[in-house]
1. Among the lysines, select those whose C-alpha is under 17 Å from the C-alpha of LYS32, and discard any that sit fewer than 8 residues away in the same chain.
2. List the trypsin sites (Lys or Arg not before Pro) within the range 1-54 that fall in a DSSP loop (any state other than H, G, I, E or B) and whose Cβ has at most 12 other Cβ atoms within 10 Å.
3. Which percent of the accessible heavy-atom area of the range 2-59 goes to carbon and sulfur, probe 1.4 angstrom?
4. When only C-alpha pairs under 8 Å and at least 6 residues apart count, what is the relative contact order of the chain, in percent?
5. Which percent of Cα-Cα pairs in the chain sits in each 5 Å bin, short to long?
6. For the chain, give the share of DSSP beta bridges that are antiparallel, in percent and rounded to the nearest 5; count only bridges with both residues there.
7. Just checking the chain: which Cys have no other cysteine's beta-carbon under 4.7 Å?
8. GNM, the chain, Cα, under 10 Å: largest mean-square fluctuation among CYS22, CYS67, CYS95?
Amino acid sequence: QVQLVESGGGLVQAGGSLRISCAASGKIVSIKVMGWYRQAPGKQRELVALISRGGSTNYGDSVKGRCTISRDTAKNTVDLQMNSLKPEDTAVYYCKADEFSRGLITSHWGQGTQVTVSS
């Protein structure tokens, strides 16, 4: 199966920046979309950003204007640059990859990386 490994999470002060990364490996057929979701304690998991093979992007309303997602399709990696971070950005950030295989899309998830923003 496809496995996702994340890195770059940590502690940052409000107003600061952080860059997190995700690398896909394993039996990859074709990853159509890669991106990030996040989940704070007591809240539902929400979209942060997605990017397709062609480079089109989609951002969640809570991070628009503050985050930039990028992808290296050949290396099956995706990065998320986060700026002007706020305490409410504190959450576990999960990498996701959607693979097209056998006529359907299968989603793969990473283990999650903690991002904490202090006030």
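The values are calculated or read from the model by the stated rules, or taken from the named source; none is laboratory data. Computed from a predicted model, the values in this text were never measured in an experiment. Here Cβ is always computed from backbone atoms with ideal geometry, including for glycine, and neighbour counts include all displayed protein chains. Heavy atoms of the whole protein, side chains included, go into the accessibility calculation; ligands, DNA and RNA do not. Shrake-Rupley method; radii C 1.70, N 1.55, O 1.52, S 1.80 Å.
1. LYS75, LYS96
2. Answer in residue order: LYS27, LYS43.
3. Values: 1550 of 3190 Å².
That fraction is 48 percent.
4. Working: 295 pairs, mean separation 42.3, N = 119.
Relative contact order comes out at 36 percent.
5. Result, from short to long distances: 2, 12, 23, 25, 19, 10, 6, 2, 1, 0 percent.
6. Working: 44 of 48 bridges.
The antiparallel proportion sits near 90 percent.
7. Isolated Cys, the chain: CYS67.
8. Of CYS22, CYS67, CYS95, the most mobile in the Gaussian network model is CYS67.
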